[in-house]
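*Asks:* Pasting a structure here, questions to come.
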Amino acid sequence: MTPTHPLERLRAESRADPEGFWRRTADEFVPWFRPPDRIFEADRPSFRWFGGGLTNMSHTALDHQVAQGRGTQAALIAADERGGRRSLTYDELLGEVKRVSAALRAIGIGRGDRVTIYMPTTVEAIVTMLAVLRVGAIRMVVFAGFGSGALGDRSRA
């Protein structure tokens with residue numbers, strides 16, 4: 001029996017041809033700088049998705065959305081515990097991320113470097129996370145409410 005609900009159809013398709021399903025899905029939704037030549041590789045106990053592919057999630061989340069005409073739409077809406085609310089469009093968020101990315105590059109942070117972000121959950125923390133991704137660095141995020149012991153535990157991981 002053929003599934004009728006769209007989600008069930010997608011599940012059936014993904015089970016029937018997992019690699020084809022994920023290749024089509026990634027091609028449709030991910031703006032690749034270089035498309036993957038392998039979709040899934042199992043090298044137990046680990047595995048790798050989209051081998052040989054090159055993309056940047058900050059670019060996908062921002063530049064691609066602006067290029068698709070969503071620049072004036074809300075990209076981030078943040079509410080704080082005091083009832084404050086802040087909203088940034090894709091254009092505004094992209095501008096902030098580019099500014100912080102430039103600052104990171106200016107202090108020598110680049111691809112493959114490791115950056116720990118120790119901040120409260122704020123718009124600025126999200127901008128910083130996206131900026132670290134944009135320059136190709138590896139990020140670890142620690143909520144600033146954690147004490148020094150918890151931060152130390154994470155730095156050894």
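*Asks:* With only Lys, Arg, Asp and Glu charged, each at its Cβ (+1 for the first two, -1 for the last two), find how big the charge dipole of the chain is about the Cα centre; round to the nearest 20 debye.
*Replies:* Roughly 300 debye, rounded to the nearest 20.
*Asks:* Given (i) 13.9, 40; (ii) 19.1, 60; (iii) 17.0, 53, which label gives Rg and Dmax of the Cα atoms in Å as computed from the coordinates?
*Replies:* Computed from the coordinates, Rg and Dmax of the Cα atoms in Å corresponds to (ii).
*Asks:* Oh, and also: Is it possible to state the helix-based mean residue ellipticity at 222 nm for the chain, with each DSSP H run of 4+ residues giving -39500 (n - 2.57), the sum divided by total residues, to the nearest 500 deg cm²/dmol? What is it?
*Replies:* Per the formula, -12000 deg cm²/dmol.
*Asks:* Shifting gears a bit: Report the full-extension gain for the segment T122 to R105: residue separation times 0.36 nm, less the Cα-Cα distance, to one decimal in nm. The partial results should precede the final answer.
*Replies:* On the way: separation 17, 0.36 × 17 = 6.12 nm, distance 2.21 nm.
Full-extension gain reported as 3.9 nm.
*Asks:* Using the Karplus curve 6.51 cos²θ - 1.76 cosθ + 1.60 with θ = phi - 60°, work out ³J(HN,Hα) for each residue of the stretch 113-122 in order, rounded to whole Hz, and write x for Gly and Pro.
*Replies:* In residue order, the calculated couplings are 5, 10, 10, 9, 9, 10, 9, x, 6, 9 Hz.
*Asks:* Okay, moving on. Amide H of V115: which non-local residues (sequence gap of 5 or more, or other chain) have their own amide H closer than 5 Å, using H built in the peptide plane?
*Replies:* Amide H to amide H, under 5 Å and 5 or more residues apart or across chains, V115 pairs with I138, R139, M140.
*Asks:* Between P35, P18, P120, which gets the highest mean-square fluctuation from a Gaussian network model of the chain, Cα cutoff 10 Å?
*Replies:* Checking each option, the largest mean-square fluctuation is seen for P18.
*Asks:* Starting from the stretch 1-64, pick out the trypsin sites (Lys or Arg not before Pro) whose DSSP state is loop and whose Cβ has at most 16 other Cβ atoms within 10 Å. Before the final figure, lay out the partial values.
*Replies:* Numbers: sites: R9, R11, R15, R23, R24, R38, R48; in loops: none.
The qualifying sites: there are none.
*Asks:* Continuing with this model, one more query. If you keep only loop residues by DSSP, which trypsin sites (Lys or Arg not before Pro) in the stretch 57-115 have at most 15 other Cβ atoms within 10 Å of their Cβ?
*Replies:* Sparse-neighbourhood loop trypsin sites (Lys or Arg not before Pro): R82, R111.
*Asks:* In the chain, what percentage of the DSSP-assigned beta bridges are antiparallel, given to the nearest 5?
*Replies:* Here the share of antiparallel DSSP bridges comes out near 65 percent.
*Asks:* Filter the GluC sites (Glu not before Pro) in the stretch 38-112 down to the DSSP loop ones having no more than 10 other Cβ atoms within 10 Å, then list what survives.
*Replies:* E81
*Asks:* With r defined as the distance between the Cβ atoms of V142 and R86 and R0 fixed at 25 Å, what FRET efficiency is calculated, to the nearest 0.05?
*Replies:* In this case the efficiency is close to 0.65.
Each value in this text was obtained by applying a stated rule to the coordinates, not by laboratory testing. This is a predicted model, so every value here is computed, not measured. Note: ideal-geometry Cβ built from the backbone for every residue, glycine included; neighbour counts use all protein chains shown.
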